[in-house]
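So the structure is just underneath, and the comments pick up after that.
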Amino acid sequence: MFVSIACNVLNKSWLLIGTRRGCVQVFLPNRYHKTVNKPSNYVSCSSQLSETELRDKLRVCSTTKELVTRLSEVFVQQGVPESRLSAEYIVATSFGLSRKQLLRGEPTLLSQLEPFYSTLTHNALRRLLREPVQYIVGNWDFYNLTLKVRQPVLIPRPETEELVDRILKFWKNVLRRGSTGEVTRCLEIGCGSGAISLSLLKGWKEFTGNNNILKVTALDIDPQAITLTKENACIVLEDEQKRLLDIHLQDITKFRLDDNKYDFLVSNPPYIPEAEYRTLQPEVIQYEASCALLGGKDGMEIIRVILRGAKNWLKTGGTIWLEVDPSHPKLIQDFLHKEPNVGVELLQVFEDMSGLARYCKLLVI
Ligand SMILES: C[S@@+](CC[C@H](N)C(=O)[O-])C[C@H]1O[C@@H](n2cnc3c(N)ncnc32)[C@H](O)[C@@H]1O
């Protein structure tokens, strides 16, 4: 079988980030950095590689360590970014190990692992076609949780962990002052894999103690996201916590609510501006759902819907937490100035770990 491999030779924007929780390194296609400066700089190349040829290249190795090095060389030759890390994850997952186990373990004699070679070749070919390593591995760590990830649902990003952390810290302070009832209600718009809702539910007790219960409504327009959130909820939540989560297939542009019942709203909406979307890495464009990323011409389409709806969905004094593009805080401020009737005020803008204005905290007035 011959596989045609398209690769972007100018791709330099993959990130290697150490997690704050000191676990393994995190390897992610960065949604927020362009692959190249302008679309016209985008240079594609293609190469032919047979499955047999790839298998033969890998078969000469006698230990997993050699295998990682060899596969990494193949990835470099084919222009696959973060070649070493990709190779480590792919070798590990093909042999049913975590990357940590692979790196810690003694080099294994591969003659004993013959049955796994077809899985390895299959996985390596997927990566050569620029599939994100997270989809190949099938799960990924997010804020103390290991979540299933599956194409085309958005792979949770480390930037979003920071948003969760800020929300939990904020509520810890609010609840410490005793300024709320026994139940806090949260609305998440665009739950994807469930990363935000599930980590809030898991972290709530730890952060806020036993005196307050968090109830979450998680919405998404994509049935595949809803299915994945449900699967992840079954994996990570205890039975008692599952009852605190409502998951609904819902287009937010058609969401109506009679009583203002939520205390806060959180969303990592699709917010990439159209022109920027075209410059993103093949891993993102070819594998992740465009509806999870594209926010219209200026990236603000869903953000405007959220701002216009917030007063109807939240209690007065409720907070809105958004992950946004760095160009958005100013656009949000202008929008709220132009449409004062939406009844929302921009309270704070926070930077992410790369120093980019990434999170907005707003208040329903
Ligand atoms: C950037 S992803 C965020 C996923 C997840 N919350 C996370 O942080 O990993 C945006 C999500 O919004 C959903 N979405 C897009 N348009 C929507 C709409 N009109 N109504 C509800 N959800 C929408 C997408 O399907 C996608 O799952």
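The values are calculated or read from the model by the stated rules, or taken from the named source; none is laboratory data. All figures in this text were calculated on a predicted structure; none of them were measured in a lab. We place every Cβ from the backbone using ideal geometry, glycine too, and count neighbours over all the protein chains shown.
Taking into account only those residues within segment 186-219 that are surrounded by fewer than 20 Cβ atoms within 10 Å (Cβ to Cβ) and in a strand (DSSP E or B), which is farthest from the ligand (Cβ to nearest atom)? Ranking the qualifying residues of segment 186-219, first place goes to 213.
Residue 86 - would you say it is outside the structural domain of residue 267 (by TED's automatic domain parsing), away from the ligand (no atom under 16 Å from the Cβ) and crowded, with 19+ Cβ neighbours inside 10 Å? It is true that residue 86 is outside the structural domain of residue 267 (by TED's automatic domain parsing), away from the ligand (no atom under 16 Å from the Cβ) and crowded, with 19+ Cβ neighbours inside 10 Å.
Condition check ((1) touching a strand residue (DSSP E or B) at 6+ places or on another chain (Cβ under 7 Å); (2) within 14 Å of the ligand (Cβ to nearest atom)) across all residues:
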position	(1), (2)
241	no, no
269	yes, yes
277	yes, yes
301	no, yes
308	no, yes
319	yes, no
329	yes, no
334	no, no
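Consider residue 247 carefully, then state whether it is assigned to a helix (DSSP H, G or I) and within 16 Å of the ligand (Cβ to nearest atom). Judged against the criteria, residue 247 is not a match.
Across segment 270-283, the number of residues qualifying as surrounded by 19 or more Cβ atoms within 10 Å (Cβ to Cβ) and either of a type in the set (Gly, Ala, Ser) or closer than 17 Å to residue 221 by Cβ (or both) comes to 3. When residue 181 is tested against (1) farther than 16 Å from residue 242 by Cβ; (2) within 11 Å of the ligand (Cβ to nearest atom); (3) small (Gly, Ala, Ser), only condition (2) is not met. Only helices (runs of 4 or more DSSP H) whose full extent lies in segment 77-147 are considered here, and the ones with at least 1 residues that are within 19 Å of residue 53 (Cβ to Cβ) and of a type in the set (Phe, Trp, Tyr) are 117-128. The C-beta contact set for segment 226-237 (first residue in the same structural domain as residue 291 (by TED's automatic domain parsing), second residue modelled with pLDDT of 95 or more and acidic (Asp, Glu), distance under 6 angstrom, 6+ apart or interchain) comprises 226/220. For segment 295-323, a tally of residues being part of a loop (DSSP other than H, G, I, E, B) and touching a Gly at 6+ places or on another chain (Cβ under 8 Å) returns 0. Among the residues making up segment 284-294, those that are within 15 Å of the ligand (Cβ to nearest atom) and either crowded, with 23+ Cβ neighbours inside 10 Å or in contact (Cβ under 8 Å) with a residue 40 or more places away in the chain (or both) are 284, 287, 288, 289, 291, 292, 293.
Are any residues in segment 142-158 away from the ligand (no atom under 11 Å from the Cβ) and touching a strand residue (DSSP E or B) at 6+ places or on another chain (Cβ under 8 Å), and if so, which ones? Scanning segment 142-158 gives 146, 148.
Checked against the criterion of being free of Cβ contacts under 8 Å to residues at least 60 places away in the same chain and more than 22 Å from residue 284 (Cβ to Cβ), the candidates 123, 139, 212 yield just one match: 212.
In the set (1) in contact with a strand residue (DSSP E or B) (Cβ under 8 Å, 6 or more places away or on another chain); (2) within 12 Å of the ligand (Cβ to nearest atom); (3) under 22 Å from residue 90 (Cα atoms), residue 139 fails one condition alone, (2). For residue 257, indicate whether it is outside any helix (DSSP H, G or I) and farther than 25 Å from residue 348 by Cβ. Considered against the rule, which asks whether it is outside any helix (DSSP H, G or I) and farther than 25 Å from residue 348 by Cβ, residue 257 comes out as yes.
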